[in-house]
1. Can Y2 be described as at pLDDT below 70 and either loosely packed, with under 14 Cβ neighbours inside 10 Å or touching a helix residue (DSSP H, G or I) at 6+ places or on another chain (Cβ under 9 Å) (or both)?
2. Which members of the stretch 68-113 meet the condition of being part of a helix (DSSP H, G or I) and of a type in the set (K, R)?
3. From the list N110, N89, N77, N53, which residue is loosely packed, with under 14 Cβ neighbours inside 10 Å and closer than 27 Å to E26 by Cα?
4. Among the residues that make up the stretch 10-27, is at least one of them of a type in the set (F, W, Y), modelled with pLDDT under 65 and part of a loop (DSSP other than H, G, I, E, B)?
5. Search the stretch 65-113 for residues being touching a Ser or Thr at 6+ places or on another chain (Cβ under 7 Å) and among the hydrophobic types (A, V, I, L, M, F, W, C), and hand back the single one that is farthest from R39 (Cα to Cα).
Amino acid sequence: MYNENNILLKSSKQRSWTLKCFLGLEVAQSKNGLVISQRKYALDIPEEIRMINAMPRDTPMDPCVKLVLDKGEPYSNLARYKRLVAKLNCLTVTRADIAFTMSVVSQFLNSPC
């Protein structure tokens, strides 16, 4: 019944409710069940962090690479980094393929480099 970006519900004549979008999760119902997606949420992230031209990768991170704290040039905008990590962590709900990468970069929230 809400008509906001967070919750969109439609009512049919039988007073049954169909969930369309909730907390960034898009929900679609088919004959085979429910489909849950975060497509719009995922597409909004590059725009928000001003990386519209970023190209997707099949493998986001090499699991053999060891990241070390305080090695390399520190990231200049800590708030932007934390915001990006938080948004990407939310994507792991529907994108298990980025869970490993997110667990690694989350270790560097206080001192990203």
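The values are calculated or read from the model by the stated rules, or taken from the named source; none is laboratory data. Since we're looking at a predicted model, the values are computed, not measured. Reconstructed Cβ throughout: ideal geometry from the backbone, glycine too, with neighbour counts over all protein chains shown.
1. Values: at pLDDT below 70: yes; either loosely packed, with under 14 Cβ neighbours inside 10 Å or touching a helix residue (DSSP H, G or I) at 6+ places or on another chain (Cβ under 9 Å) (or both): yes.
When the stated conditions are applied, Y2 passes them.
2. The answer is R80, K82, R83, K87.
3. Criteria check complete, one pass: N53.
4. no
5. Of everything passing the filter in the stretch 65-113, L69 is farthest from R39 (Cα to Cα).
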